[in-house]
């Protein structure tokens, strides 16, 4: 009798938890990020539309879904501020180039990439991308002077088209490291967006544990935070509904 009660009790608890988590998920996706981010969202949409003509062919050449790739970086397009970017590039030129990412590791450029991210991409890319891709980066060993290596990274990250090559490399590295082709597209986007925001050098379990965490905001000073992956999924669903 007790075992039957325990089984029924456990089943009821599991059903209740499932309902609660489903409601939380629906609540998260019910946030209208287009309204939340206002003009920042509009600027990001404009950038995507005005640059689609060169971004889409590059992704197609590397057999990467256009909406998947843009979804991964769209929150950073929303966060990008030209004025703040100039300030952070100035600091990187003064500190990162001379002292390294321990002293300055700001996100810069349209896709908000950090020098430490670029360093990881340069080291990992050879084993993840085929020769036909045409994607090549100079590794640290190819520079006599560490400052010259760091300067080359800052120069890369100031150019949206070069940053986009880093994005392609990031997606290929993740495919190679985490076997993402076996997952359906929404799950892949959620994982990739989190990895892009949280860190490519983390384990799959660490990345999965961060997918619903709310650390993303667009302001210099602390405001309400949102889930980076949730913002990515919101844009993706909007794009798909408009491009059926």
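The values are calculated or read from the model by the stated rules, or taken from the named source; none is laboratory data. Predicted, not measured: the structure shown is a model, and the values here were computed from it. Neighbour counts run over all protein chains shown; Cβ positions are idealised from the backbone, glycine included.
Report, by residue number, each residue of region 26-67 that is within 18 Å of residue 135 (Cβ to Cβ) and surrounded by 13 or more Cβ atoms within 10 Å (Cβ to Cβ). I'd like the intermediate steps shown before the answer.
Step one: list which residues in region 26-67 are within 18 Å of residue 135 (Cβ to Cβ), which gives 54-66.
Residues satisfying the conditions are 55, 56, 58, 59, 61, 62, 64, 65, 66.
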Query raised in the report: Does any residue in region 31-54 that is assigned by TED's automatic domain parsing to the domain that holds residue 212 come within less than 6 Å, Cβ to Cβ, of a residue that is at pLDDT below 95 and outside any helix (DSSP H, G or I) six or more places away or on a different chain, and which pairs are these?
Result: 40/218
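Does residue 149 fit the bill of being surrounded by 14 or more Cβ atoms within 10 Å (Cβ to Cβ) and more than 17 Å from residue 229 (Cβ to Cβ)? Before you say what the answer is, go through the steps one by one.
On the way: surrounded by 14 or more Cβ atoms within 10 Å (Cβ to Cβ): yes; more than 17 Å from residue 229 (Cβ to Cβ): yes.
In short, yes.
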Query raised in the report: If you scan region 200-222, which residues turn out to be without any contact (Cβ under 8 Å) to a residue 12 or more places away in the chain and over 16 Å from residue 80 (Cα atoms)?
Result: 202, 203, 205, 206, 209
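Among the residues of region 162-183, is there at least one that is assigned by TED's automatic domain parsing to the domain that holds residue 135, within 26 Å of residue 83 (Cβ to Cβ) and surrounded by fewer than 20 Cβ atoms within 10 Å (Cβ to Cβ)? Break it down stepwise before answering.
Looking only at region 162-183, we keep the residues that are assigned by TED's automatic domain parsing to the domain that holds residue 135, and these are 162-183.
Of the ones still in play, those that are also within 26 Å of residue 83 (Cβ to Cβ) are 162-167.
Then drop every residue that is not surrounded by fewer than 20 Cβ atoms within 10 Å (Cβ to Cβ), which leaves 162.
Yes, because at least one residue in region 162-183 is assigned by TED's automatic domain parsing to the domain that holds residue 135, within 26 Å of residue 83 (Cβ to Cβ) and surrounded by fewer than 20 Cβ atoms within 10 Å (Cβ to Cβ).
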Report summary line: Restricting region 207-224 to residues that are touching a strand residue (DSSP E or B) at 6+ places or on another chain (Cβ under 7 Å) and farther than 18 Å from residue 44 by Cβ, the one surrounded by the fewest Cβ atoms within 10 Å (Cβ to Cβ) turns out to be 214
Query raised in the report: Exactly one of (1) closer than 18 Å to residue 226 by Cα; (2) in contact with a strand residue (DSSP E or B) (Cβ under 7 Å, 6 or more places away or on another chain) is unmet by residue 41. Its number?
Result: (2)
Report task. Inspect all residues belonging to region 37-53 and state whether any of them is closer than 20 Å to residue 212 by Cβ and modelled with pLDDT of 90 or more. Result -> yes
**Report entry** Single condition residue 88 does not satisfy, out of (1) touching a residue at least 24 places away in the same chain (Cβ under 8 Å); (2) touching a strand residue (DSSP E or B) at 6+ places or on another chain (Cβ under 8 Å)
**Finding:** (1)
